[in-house]
């Protein structure tokens, strides 16, 4: 067992019913997220002001009386969110101590240019520093995203190779990486790309150290239960799904078809929230989304 592994948090992530709230919008998507939330660009003038506003939005979600461990087991954080304070505690400590919710840190630096029908991650030169800080802030795991834009085996192989190379370094630091090779929902050969992705991951898992715990975050597959086989490997803690641009109702409908796959939604969780809502209105919309996503995540 890794030196820094928190057994209580591992049990929560592995065994508890619920879903993971993805609240890790980064610099490239922050302005769009704020706009959907009802905060236009004329409300801020610097990057710092923009991030302060997005932190206030996230803090409003975290501190809501309906954001609880009853239906939420984890939350994915952006680096600045991890470094920020909620009610006198760093965000991960607040979520664990007050809510019994586990935190994950988004560690990637965005995507490289498309090549061979994929976008691999940019290099992460400060990965070790991020992981050291994550441990110090009592974060449980990480998340990193690549994108697949076609059924090109060589490209997909490169995505998988890079994801697992970073995952190994993260595991060596005692954290649990969420590997996220997103398959774009709009590509015509989505089903074929997903099959290739499964085959390439399967090859790596055959020789992977089963004591290096990992998680997967997949686009909801065209063929239901495509990735369920991965639970046969002891290293696989949980398989989660991204909403991938689907509206909440559609994402939940598709998720229900996949046994033992839980949600890790961002857009589908936040889409009906607004800066202009009263506390009661905000909580009501958030509760509605939480309930719908939870029910789709526990469907057997």
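Residues of the range 195-213 include at least one that is touching a residue at least 60 places away in the same chain (Cβ under 8 Å), touching a strand residue (DSSP E or B) at 6+ places or on another chain (Cβ under 8 Å) and surrounded by 21 or more Cβ atoms within 10 Å (Cβ to Cβ). Residues to consider are 76, 72, 54, 101; find the one that is within 23 Å of residue 289 (Cα to Cα) and modelled with pLDDT under 95. None of the others qualify; the one that does is 54. The residues of the range 131-167 that are over 22 Å from residue 20 (Cβ atoms) and either within 19 Å of the chain's Cα centre (by Cα) or part of a loop (DSSP other than H, G, I, E, B) (or both), listed by number, are 149, 150, 151, 152, 162, 165. Of everything listed in (1) under 23 Å from residue 140 (Cβ atoms); (2) surrounded by 13 or more Cβ atoms within 10 Å (Cβ to Cβ); (3) touching a helix residue (DSSP H, G or I) at 6+ places or on another chain (Cβ under 9 Å), the single unmet condition for residue 44 is (1). Applying the criterion of being under 15 Å from the mean Cα position of the chain (by Cα) and assigned to a loop (DSSP other than H, G, I, E, B) to the residues of the range 71-130, the residue that is surrounded by the most Cβ atoms within 10 Å (Cβ to Cβ) is 107. State all residues of the range 168-186 that are surrounded by fewer than 18 Cβ atoms within 10 Å (Cβ to Cβ), closer than 17 Å to residue 158 by Cβ and free of Cβ contacts under 8 Å to residues at least 60 places away in the same chain; if no residue qualifies, say none. Scanning the range 168-186 gives a single hit, 168.
The values are calculated or read from the model by the stated rules, or taken from the named source; none is laboratory data. The shown structure was predicted, so the numbers you read here are calculated from the model rather than taken from an experiment. Neighbour counts run over all protein chains shown; Cβ positions are idealised from the backbone, glycine included.
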